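Notes follow the structure.
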Amino acid sequence: MIESEGLTKRYGDKLAVDGLTFTVRPGIVTGFLGPNGAGKSTTMRMMLDLDHPTSGQVRIDGRHYRQLSDPLKHIGALLDAKAVHGGRSAFNHLLCLAQSNGIPRARVHEVLDTVGLTAVAGKRSSGFSLGMGQRLGIAAALLGDPEILMFDEPVNGLDPEGIHWIRNLMKGLAAQGRTVFVSSHLMSEMALTAEHLIVI
Ligand code: ADP
Ligand code: MG
C-alpha cells in the first residue's frame, strides 16, 4: 500500500506537485494519469526518497522509504530505463544490485528469465534496444520480489509486442496480490490496463 497525503513539490516558482492525496491498494493495477509535466515522475521520485517534498508526505506500507530495512524487497521501481551503467552486462548490472541488497544470485537468473533477457544476459546493456532496456529496468524492479511495484511510463517507445507483454506482466503482478502503480500520459493505455485511476 502507498499512501500520499498532501504531497507537494515546488521547484522555485514552479509548483510541480500540488497537494496530492491518494491511496494505492494491493491486488489491482492503479493508473497514474496526467499530461506531460503534470508531476507524475516527481511524485514517484518522492516516493523513493530521490526528491524531498516541500510539504506533505508519502508512506510505503506505513513507513517512509528511508525507514525500510531492505527497500528493494518492499518496493521495486522502473523510473528511467537508461539509468544503467552501459558497460556492464545485463547479468552483472542485476548482480550488483542483488549483492548490495542481500538478494541471492539465483534470483538474478529468475528475473532475467521472467523478462526474456536470458539469451542476452552476457551482453553490454549499452547495445540494448529501448525495449530491451525497459525489460532490464523491469528485471531490476522485480529483483527483490517486492509487494509494491511502480513503473513510470513503461510503454513509452515500445513496439506492440512489448506493450502487450508489459500490460500482461502488470496484470499478473496485481493478480498475485501485489500493489502495482503505473504512470502514463495516454488515456487509451490506462483504459486497457488500470482498474483504479488517479488523474492529475
Ligand atoms: P510528468 O512526469 O508528469 O511529465 P514531471 O514530474 O517530470 O511531470 O514534471 C512536473 C513539472 O516539474 C514540470 O513542469 C517540470 O518541468 C518540473 N520539474 C521536474 N523536475 C524538476 C527539477 N528537478 N527542477 C525544476 N523543475 C522540475
Ligand atoms: Mg514523467
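Numerical summary
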| quantity | calculated |
| --- | --- |
| Unique residue being exposed (fewer than 14 other Cβ atoms within 10 Å of the Cβ) and in contact (Cβ under 8 Å) with a residue 12 or more places away in the chain when the list is Arg88, Arg10, Arg45 | Arg10 |
| Of residues in the stretch 173-193 being within 15 Å of the chain's Cα centre (by Cα) and small (Gly, Ala, Ser), the one farthest from ligand 1 (Cβ to nearest atom) | Ala174 |
| Hits in the stretch 135-152 - residues which are within 9 Å of the chain's Cα centre (by Cα) and not aliphatic (A, V, I, L, M) | Gly137, Phe151, Asp152 |
| So Ser125, is it in contact with a Ser or Thr (Cβ under 9 Å, 6 or more places away or on another chain), modelled with pLDDT under 95 and among the hydroxyl-bearing types (Ser, Thr, Tyr) | yes |
| Check on Leu112, modelled with pLDDT of 95 or more, under 17 Å from the mean Cα position of the chain (by Cα) and not in a helix (DSSP H, G or I) | no |
| Residue match in the stretch 51-62 (condition: in contact (Cβ under 8 Å) with a residue 24 or more places away in the chain, under 15 Å from Asp152 (Cβ atoms) and not β-branched (Val, Ile, Thr)) | yes |
| Matching residues, the stretch 149-165, being away from ligand 1 (no atom under 16 Å from the Cβ) and crowded, with 22+ Cβ neighbours inside 10 Å | Leu149 |
| Out of Gly177, Gly122, sole residue that is surrounded by fewer than 22 Cβ atoms within 10 Å (Cβ to Cβ) and on the phi < 0 side of the Ramachandran plot | Gly122 |
| Looking only at the stretch 43-66, and only at residues there that are over 13 Å from the mean Cα position of the chain (by Cα) and within 10 Å of Ala16 (Cβ to Cβ), the one that is nearest to ligand 2 (Cβ to nearest atom) | Asp51 |
| Flag for Gly39 being in contact (Cβ under 8 Å) with a residue 24 or more places away in the chain, of a type outside the set (Asp, Glu) and within 16 Å of ligand 2 (Cβ to nearest atom) | yes |
| Residue selected from the stretch 13-35 under the condition within 17 Å of Gly56 (Cβ to Cβ) and hydrophobic (A, V, I, L, M, F, W, C), by the criterion surrounded by the most Cβ atoms within 10 Å (Cβ to Cβ) | Phe32 |
| Selection status of Asp80, surrounded by 16 or more Cβ atoms within 10 Å (Cβ to Cβ), of a type in the set (Asp, Glu) and within 16 Å of ligand 1 (Cβ to nearest atom) | no |
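The values are calculated or read from the model by the stated rules, or taken from the named source; none is laboratory data. The structure presented is a predicted model; accordingly, all values stated were derived computationally and were not measured. For neighbour counting, all protein chains shown are included, and Cβ atoms are generated from backbone atoms with ideal geometry for every residue, glycine included.
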